[in-house]
Amino acid sequence: MSELAQARARAEQLRKEIARHDYQYYVLDNPLIPDAEYDRLMRELRDIESRFPELVTPDSPTQRVGGAPREGFAEVRHKVPMLSLDNAFSEEDMRAWEKRLLGRLDHDGPVSYAAEPKLDGLAISLRYEQGLLVLGATRGDGRVGEDVTANVRTIKSIPLRLFGDDWPEVLEVRGEIFMPRAGFEALNARARARGEKTFVNPRNAAAGSLRQLDPKVTASRPLTMFCYGFGEISSGPPADTYSASIRRLVDWGLQISPELKTVAGVDGCIDYYQDIGRRREQLPYDIDGVVFKVDSLADQEALGFVSRAPRWAIAYKFPAQEELTRVLAIDFQVGRTGAVTPVARLEPVFVGGATVSNATLHNMDEVWRKDVRVGDTVIIRRAGDVIPEVVGVVLERRPKGTRRVTLPKHCPVCGSEVIKPEGEAVARCTGGLYCPAQRKESIKHFASRKAMDIEGLGDKLVEQLVDNELVHNPADLYHLTKAQLVGLERMGEKSAQNLLDELEKSKSTTLPRFLYALGIREVGEATALALAQQFGSLKAIQAASEDELQETPDVGPIVAAHIAAFFRQPHNKEVIDKLIAAGIHWQEGAPRPRPEDLPLAGKTFVLTGALSRPRDDYKARLQALGAKVSGSVSKKTDYVVAGEDPGSKLAKAEQLGIEILDEEGLLKLLGEGR
């Protein structure tokens, strides 16, 4: 097997594992592995994708930030995505990071970095307009978060109106809402006195407090916030460096970390990390590492981003915590795609603030590599508020008579044959749609909020429908009758009619939702949207070759192969035809023009000064014509549009010899001038 084929198989396996852990952690609040293990999986996947760029897929977890928003709050689309950070775990990682930076920057070191502790709380974005707080939103998946404005307004350290009068017209600040240790202890003391359940750690307490549907509950919790970044700023950054810009927030009444410092070069970073590590337990709040950012905003822009994270920042994490426990059993779970995953059931052990009793073993290759057996004493590692990983076995404590774990020959759910293709790490049940585990999960996915959004079709009801042989594929949902539904457990006539109404309502959908609902491997929401925009119709997507599919932004050869294979299968076509025959419909659009055909493709604009229309209007018009709109002037800038009182950006443009347009000139370029 070629190296590329091995890398492709491993990358596919890693993406599935990481996606499942993202869902468990961000949506269900039920993590299965520790941060340390999650970070290892992400590092391994990034390493594979860096060595084989052709393996990068648009829905890879390296291309996104995190998990989906929870139900119960309105959605908020971030105008500037809330990105995550890459991690370092050693001095070698830090030195390698700086070496990459210096290779991309025009100047030699030492680089000046802003350094601050990495708080263990909940990421938040605050939006101020005309100095007033108008929105508080969680990170969510980085692009869409939860509107928690009512709860944010109860936190006294967050000003409802900014101090002074020189703040930007629009100011979005990003930061971390957290619960100081003293407040956490007092909160738990009150809960114990009332005989109520206590929180495990400050991070859980902060996250739970901010996501309360009743703001009065949030108001009773000792929350605070430190700011550490920016989203949209109408007039651009307050200063030329991150540290100076973030310190400007103090003048406007916002809090920043008192530990914020600037350091020189990677040696300065390492010294700061070691100093904070020594003082970690004395700090009044929990941290899990240190964040370093290139201080120069011009250098930040030059360095740019890699998919889900900026090149100019990194989180240097503290070592994970470890403990010993015993493996009581090793079970096998079957997922939606048929993946058969071994899971270790553990003797409960308290590690890093939580009692844990199980851990995924990922796949049989991992089980065999670590030689984990029932009865073994194992090292459990935990970092942050997650369930641990099995790091290794303490062979000296292995009891006599233990047996090497073997892959079951038959699916534990349906009894079908289990196969593990050569070169692949994941074993799969061959039952397909016949396997209730896969059938149930595929129908749950089809009905989920981001897919067909069939309200009332919950997990338990799906399980009943499948168990009672009423539904074998998604199309069967639209042929259910009230008589069939009323016969199910806890389903009266009103509930049955409500579900039938929701099924009827779901027939009117969109092409991206329908594509996502089909459950095609590697096709997430973003890829489904990109496909719909690229081709305009389902028929065009079905008829597209793999080469044509790869013309879609961020669709690589692997994703294209999965899509083409899916639509080649007769049974998939049959289900789609049945769904459309049942009345599912959407409005199809025109195919997307090729980027190179847009009139302003490849041109970079900077808007500065006061204009007669909101900048966002001009920005949207320029982007629709293929242009990029930047926040700062550089050698790569093609045009600077200068309104009234343009400031330093105009001077820099003149110095660099960049073409300058007034508003009338911009309108002519947009086809609106006289």
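The values are calculated or read from the model by the stated rules, or taken from the named source; none is laboratory data. Since this is a predicted model, take the numbers as computed values, not measurements. Every residue, glycine among them, receives a Cβ derived from its backbone with ideal geometry; neighbour counts consider all protein chains shown. Ligands, DNA and RNA are stripped out before the accessible areas are found, and what is left, the full protein with its side chains, is counted by its heavy atoms. Shrake-Rupley method; radii C 1.70, N 1.55, O 1.52, S 1.80 Å.
Structure notes:
- Of 490, 521, all but one fail to be open to solvent by 20 Å² or more (accessible area, probe 1.4 Å), more than 23 Å from the chain's Cα centre (by Cα) and modelled with pLDDT under 90; the exception is 490.
- Qualifying residue in the stretch 634-648 (condition: polar (S, T, N, Q) and open to solvent by 60 Å² or more (accessible area, probe 1.4 Å)): yes
- Filtering 359, 315 for residues that are within 30 Å of residue 429 (Cα to Cα), part of a strand (DSSP E or B) and open to solvent by less than 40 Å² (accessible area, probe 1.4 Å) leaves a single hit, 359.
- Within the stretch 114-142, the residues that satisfy the criterion of being over 23 Å from residue 243 (Cα atoms), in contact with a His (Cβ under 9 Å, 6 or more places away or on another chain) and either without any contact (Cβ under 8 Å) to a residue 40 or more places away in the chain or crowded, with 22+ Cβ neighbours inside 10 Å (or both) are 137, 140.
- Against the criterion of being open to solvent by 10 Å² or more (accessible area, probe 1.4 Å) and touching a strand residue (DSSP E or B) at 6+ places or on another chain (Cβ under 8 Å), residue 537 does not qualify.
- Contacts under 8 angstrom Cβ, first residue in the stretch 543-569 being at positive phi, partner outside any loop (DSSP other than H, G, I, E, B), 6 or more apart: 554/63; 554/526; 554/527; 554/530
- Among residues of the stretch 390-418 that are over 11 Å from residue 375 (Cα atoms) and open to solvent by less than 60 Å² (accessible area, probe 1.4 Å), those with a Cβ under 8 angstrom from a residue that is of a type in the set (D, E, K, R) and at pLDDT below 85, sequence gap 6+ or separate chain, pair up as 391/322; 391/381; 407/420; 411/417; 418/428.
- For the stretch 453-485, filtering for residues that are more than 28 Å from the chain's Cα centre (by Cα), in contact (Cβ under 8 Å) with a residue 24 or more places away in the chain and within 24 Å of residue 511 (Cα to Cα) leaves 7.
- Checklist (1) of a type outside the set (D, E, K, R); (2) in a strand (DSSP E or B); (3) surrounded by 19 or more Cβ atoms within 10 Å (Cβ to Cβ); (4) at pLDDT 85 or above applied to residue 380, failing item: (4)
- For first residues located in the stretch 620-644 and in contact (Cβ under 8 Å) with a residue 40 or more places away in the chain, partners that are open to solvent by 20 Å² or more (accessible area, probe 1.4 Å) and among the aliphatic types (A, V, I, L, M) and lie 6+ apart or on another chain with Cβ distances below 6 Å form the pairs 622/629; 625/598.
- Any hit, the stretch 231-248, residues being in contact with a strand residue (DSSP E or B) (Cβ under 6 Å, 6 or more places away or on another chain), modelled with pLDDT under 85 and not acidic (Asp, Glu): no
- Qualifying residue in the stretch 330-349 (condition: small (Gly, Ala, Ser), surrounded by fewer than 16 Cβ atoms within 10 Å (Cβ to Cβ) and not in a loop (DSSP other than H, G, I, E, B)): no
- Screening 363, 358 for residues that are polar (S, T, N, Q), out of contact with any Ser or Thr (no Cβ under 9 Å at 6 or more places or on another chain) and in contact (Cβ under 8 Å) with a residue 40 or more places away in the chain leaves exactly one candidate, 358.
- Residue check, residue 131 of a type outside the set (A, V, I, L, M, F, W, C) and either on the phi < 0 side of the Ramachandran plot or at pLDDT below 85 (or both): no
- Checked against (1) more than 13 Å from residue 223 (Cβ to Cβ); (2) open to solvent by 20 Å² or more (accessible area, probe 1.4 Å), residue 182 passes all but condition (1).
- Among the residues of the stretch 173-193, the ones that are assigned to a helix (DSSP H, G or I) and charged (D, E, K, R) come to 4 in all.
- Residues of the stretch 597-612 satisfying the condition of being in a loop (DSSP other than H, G, I, E, B), on the phi < 0 side of the Ramachandran plot and not aliphatic (A, V, I, L, M): 599, 603, 612
- For residue 158, the conditions (1) free of Cβ contacts under 8 Å to residues at least 60 places away in the same chain; (2) crowded, with 18+ Cβ neighbours inside 10 Å; (3) part of a loop (DSSP other than H, G, I, E, B) all hold with the exception of (1).
Per-residue answers, yes or no, for (1) at pLDDT below 85; (2) closer than 30 Å to residue 643 by Cβ; (3) of a type outside the set (Gly, Ala, Ser); (4) surrounded by 13 or more Cβ atoms within 10 Å (Cβ to Cβ):
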| residue | (1), (2), (3), (4) |
| --- | --- |
| 549 | no, no, yes, yes |
| 561 | yes, no, no, yes |
| 576 | no, no, yes, yes |
| 593 | yes, yes, yes, no |
| 601 | yes, yes, no, yes |
| 623 | yes, yes, yes, yes |
